[in-house]
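The values are calculated or read from the model by the stated rules, or taken from the named source; none is laboratory data. Predicted, not measured: the structure shown is a model, and the values here were computed from it. Positions of Cβ are generated from backbone atoms using ideal geometry, with glycine treated the same way; all protein chains shown enter the neighbour counts. Heads up: the accessible areas ignore ligands, DNA and RNA and are worked out on the full protein's heavy atoms, side chains in. Shrake-Rupley method; radii C 1.70, N 1.55, O 1.52, S 1.80 Å.
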Amino acid sequence: DLGQGTAPTQFLGEDIYFDEILMGEELTDEFIARIDELDFETGEVSRFAPWTLNRIRRPFEYILQGMSEIWTFRKWLHRRAGRWKPFWIPSFESNFNLLQTGTVTTSLTVSSDDYKLFANKRSHIALQLFDGSWLTRTITGVTDIGNGQIILAMDTAFTGLTADKIKRICFLGLKRLDTDRVEIKWDTNRTVYCTIPMLEIAP
C-alpha cells in the first residue's frame with residue numbers, strides 16, 4: 001500500500017493533474033442517466049431523473065514504458081483509491097479558439113462555436129502556455145458580442161499574461177475511476193498496459 005502520498009496541485013478542493021499520459025487512449029463513450037421508478041402496483045407508475053446532467057463513462061487504455069513512468073502511474077492509482085477520490089484533468093484538446101491579442105486580464109475573447117447552446121455547463125477551464133505551465137480558471141459569465149465571438153469572464157484576473165503565450169484552452173472535467181479493481185498487465189519487465197473505466201461526475 002503506497003498510501004495517499006504527497007498531494008498534487010489542488011483545484012476547488014480536489015486533486016488536479018496536467019500529465020497527458022493519464023488520459024491514455026480513449027475508447028468508446030457510454031452516456032449514463034439515472035432513472036428512479038416508483039411503483040406501488042396499484043396504478044400509475046412515477047419515474048424521476050434526479051441527475052441534472054447525464055454522466056459520461058469512458059474507458060482509457062494505458063501503455064506505459066519505463067520504470068519512472070510506471071511508478072508515477074502506480075502512485076496516481078493508489079491515490080485514487082478506486083472510486084473514492086475524484087480528480088480534475090483537462091481534455092488536452094483546444095476547446096476554445098482564442099481571438100484576442102495583447103494583454104489578457106479578466107476575460108478571454110473566443111469563437112462562440114455554439115458554446116452557449118451545447119457546452120454552457122462546462123465552466124471550468126485550463127490554459128496551457130507555450131512554456132509548459134498551466135493556469136486554471138472558472139468562467140463566471142458569457143457575453144455574446146456578435147460576429148461569432150463571445151467574451152468569457154474569469155473568476156480571477158491573470159497577471160502578466162499575453163495572448164501569444166497561450167498554446168490552447170481546454171475544458172476541465174471532474175472524474176473518478178469507475179472501478180475499485182485495476183489490473184496492470186506486464187508485457188515486458190519495462191512495459192505495462194491496462195484499461196480503466198472513468199466516469200465524469202461534474203463538467
- Task: Would you confirm whether any residue within region 17-24 is open to solvent by 30 Å² or more (accessible area, probe 1.4 Å), closer than 13 Å to MET198 by Cβ, modelled with pLDDT of 90 or more and not in a helix (DSSP H, G or I)?
- Result: yes
- Message: Can you tell me which condition ASN189 does not meet? The list is (1) among the polar types (S, T, N, Q); (2) within 27 Å of SER68 (Cβ to Cβ); (3) loosely packed, with under 14 Cβ neighbours inside 10 Å; (4) touching a residue at least 40 places away in the same chain (Cβ under 8 Å), and all the others hold.
- Response: (4)
- Task: Residue by residue through region 149-186, note down the ones that are farther than 15 Å from TRP134 by Cβ, in a strand (DSSP E or B), open to solvent by less than 40 Å² (accessible area, probe 1.4 Å) and among the hydrophobic types (A, V, I, L, M, F, W, C).
- Result: ILE150, LEU152, ALA153, LEU174, LEU177
- Message: Criterion first (at pLDDT 90 or above, open to solvent by 60 Å² or more (accessible area, probe 1.4 Å) and among the β-branched types (Val, Ile, Thr)) does THR42 satisfy it?
- Response: no
- Note on the structure: Of the residues in region 68-106, those that are assigned to a helix (DSSP H, G or I), open to solvent by less than 80 Å² (accessible area, probe 1.4 Å) and of a type in the set (Phe, Trp, Tyr) number 2
- Inside region 45-67, can you point out the residues that are at pLDDT 90 or above and not in a strand (DSSP E or B)? GLY66, MET67
- Message: Need the failing condition index for VAL110 against (1) touching a residue at least 60 places away in the same chain (Cβ under 8 Å); (2) over 30 Å from TRP71 (Cβ atoms); (3) more than 18 Å from the chain's Cα centre (by Cα); (4) surrounded by 15 or more Cβ atoms within 10 Å (Cβ to Cβ), just the number.
- Response: (1)
- Item | The listed residue being touching a Pro at 6+ places or on another chain (Cβ under 6 Å), among the β-branched types (Val, Ile, Thr) and assigned to a strand (DSSP E or B), out of THR195, THR136, THR109, THR140 | THR195
